[in-house]
Structures are given as C-alpha cells and as structure tokens.
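Have a look at the structure below, then the notes.
The values are calculated or read from the model by the stated rules, or taken from the named source; none is laboratory data. Source: prediction; values computed, not measured. Virtual Cβ from ideal backbone geometry, glycine too; neighbours counted across all protein chains shown.
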2 protein chains.
Amino acid sequence: MQNLDDQPCLIARSLSLVGDAWSLLIMRDAHAGLTRFDEFRKSLGIAPTILTRRLAALTEDGLLEKRRYSERPPRDDYVLTRAGLDLLPVLFAIGAWGRKHRSTKGVTRFFDAEKGSEIDPVVIDSATGAPIGTRQIRIVPPG
Amino acid sequence: MQNLDDQPCLIARSLSLVGDAWSLLIMRDAHAGLTRFDEFRKSLGIAPTILTRRLAALTEDGLLEKRRYSERPPRDDYVLTRAGLDLLPVLFAIGAWGRKHRSTKGVTRFFDAEKGSEIDPVVIDSATGAPIGTRQIRIVPPG
C-alpha cells in the first residue's frame, strides 16, 4: 500500500511498511532470535514465495538487513536494524491488547529477566506520564 | 488469517483481527470520531466492497458495534466498543515508531488537550517502569 506514504498520518506511513500480519510476525520472530530463511519458514508455516517477498520488502524498507554468514555457498541471513529493534514496543503493545481481548489460554509469556516480574506493557505519554487514552487529545492537522 | 488464533502468541492472536492496514486505519478513523460508512470511505479512499468486508469483520470481532441512527430509512453507523477503544495505545505506538523512522514532513500532530504538550508515546513495562526494549526479557513458552 505505497499510497499510504503520502498520507499526513504517521500511523498510515508506518503501516505502509508493517501493515500486514506476516511482516509483523517476521519481525516478532527476528526479535526472538531467528535469522535464517528456514527458521522463519518453519516458525510461521508461511509459503516460501510469500516469505521471500516479505523479507525482501522488510530489508528494502530498512527493518532488517542481510548479513552474509557463509561464503561457500553464499548464504545470507537477516538481522534487525535500529528501525527493526524499535518495533519491539509496538509488538508488545499489540500483545497487551490481546491479553485483554483475546483468549489467553496456553500463551507464551514474557518476564523481566532480572526482576522476574511478568511484563505488563502500557503505552504512556511520556510528557504527562498518563496512559494513552486516559486524557483528552487535541488533533492538529498539517499546515 | 484465522489460523493465527491457534498460535501460542498473543501478538499473532491479535493480528488475526487487526493484522492489516485497512482495519487499523478504520480503527484510527473511528477514534477520530468517524462513524458512518461514507465517512470512512472518503477518509480512506477505500473500495466500498473492501470497506464493507472490513467493517463487518471488525463488528463481528467485537471492535466496533453497529448503532441504528435512522429508522426510516434503516441506517446503522459504527461506534467503538471497549476492545476498540483499547486499541488506541497500539495506534499511538505505531505512530511513535513512524515518528522515528518515517518522514515526518507535513504530518498530523497530537497534543495533550489540557497541558498543551505534544504527545510522546512510549511503551513501558508498568511492573518495572522501564521502556520495553531496554531490559532483558525472558520468554516462557506455554505448558
């Protein structure tokens, strides 16, 4: 959805890159440490042609970058860029919504490695400290 | 992508409902106050058949609900449910990623209505107070 790039909305501009479930799940798996084509394919049960396209798009868009891990035969894997790393909070925000509104039976859980507490993601406005959605918002269109 | 419901990952289970750009943009517009089919259609420039399908799915999945606003002729519009309202933080997290990694030229901006400060969304772990991605995470698979 390339035309989303032209919209005055950063949500739309972001979704032009990561606005589909496969791309977000590939990014999730990359955060879990997966780097190789076959690892993503097995984890996601995704058709190879779709995976190839998605990995190429995520690489071109700067969320992943190719890294050569074997010269003979030539083989690349995929590692997170800064932009890819910065997607982790979005993934946790999506998961937190799911924890409220989807079945939580038999789900993977996430804990703070040091403190041992379960991670409880909340999106706050760092300017006020208040969770997003608890205060009135003023929308200012461009121009 | 109904099969995502069976995955042990809440991100996947969430994306089975909101894992496409159109659905998320409809939800964004609903948060901006749009309720009627024609308002969504004009805002998004979306084909009516696609919009009809997406609105039906979002209603069935419990993110929007139909409200009859005219009896003669019978006309419904769409209002946010609790689950739909709770998606606002996800949308802001996506926008915050875009503010870092997409062009911010000519974008809509969001301010705290009372304090006047620009909203700066950050996803934190409310258990530790730390932004997600700044501390080690331990992943615990189900079972």
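List of remarks:
- Taken over segment B:94-132, the residue count meeting the criterion of being at the interface with chain A (Cβ under 7 Å from one of its Cβ atoms), touching a Pro at 6+ places or on another chain (Cβ under 6 Å) and of a type in the set (Gly, Ala, Ser) is 1.
Yes or no, residue by residue, for (1) touching a strand residue (DSSP E or B) at 6+ places or on another chain (Cβ under 9 Å); (2) within 19 Å of A:Cys9 (Cα to Cα); (3) among the basic types (Lys, Arg):
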{"residue": "B:Ala57", "(1), (2), (3)": "no, no, no"}
{"residue": "B:Glu60", "(1), (2), (3)": "no, no, no"}
{"residue": "B:Glu71", "(1), (2), (3)": "no, no, no"}
{"residue": "B:Arg75", "(1), (2), (3)": "yes, no, yes"}
{"residue": "B:Ser117", "(1), (2), (3)": "yes, yes, no"}
{"residue": "B:Ala127", "(1), (2), (3)": "yes, no, no"}
{"residue": "B:Ile132", "(1), (2), (3)": "yes, no, no"}
{"residue": "B:Arg135", "(1), (2), (3)": "yes, no, yes"}
{"residue": "B:Gly143", "(1), (2), (3)": "no, no, no"}
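- Residues within segment A:1-19 that are surrounded by fewer than 18 Cβ atoms within 10 Å (Cβ to Cβ) and within 11 Å of the chain's Cα centre (by Cα), tallied: 0
- Some residue of segment B:51-59 being assigned to a loop (DSSP other than H, G, I, E, B) and touching a residue at least 24 places away in the same chain (Cβ under 8 Å): no
- Considering the conditions (1) of a type in the set (Gly, Ala, Ser); (2) in contact with a helix residue (DSSP H, G or I) (Cβ under 8 Å, 6 or more places away or on another chain); (3) modelled with pLDDT under 95, A:Ser70 is excluded by exactly one of them, (2).
- Flag if B:Val90 is at the interface with another protein chain (Cβ under 8 Å from one of its Cβ atoms) and touching a Gly at 6+ places or on another chain (Cβ under 9 Å): no
- Subset of segment A:112-138 that is of a type in the set (Val, Ile, Thr) and assigned to a loop (DSSP other than H, G, I, E, B) - its residue that is surrounded by the fewest Cβ atoms within 10 Å (Cβ to Cβ): A:Thr134
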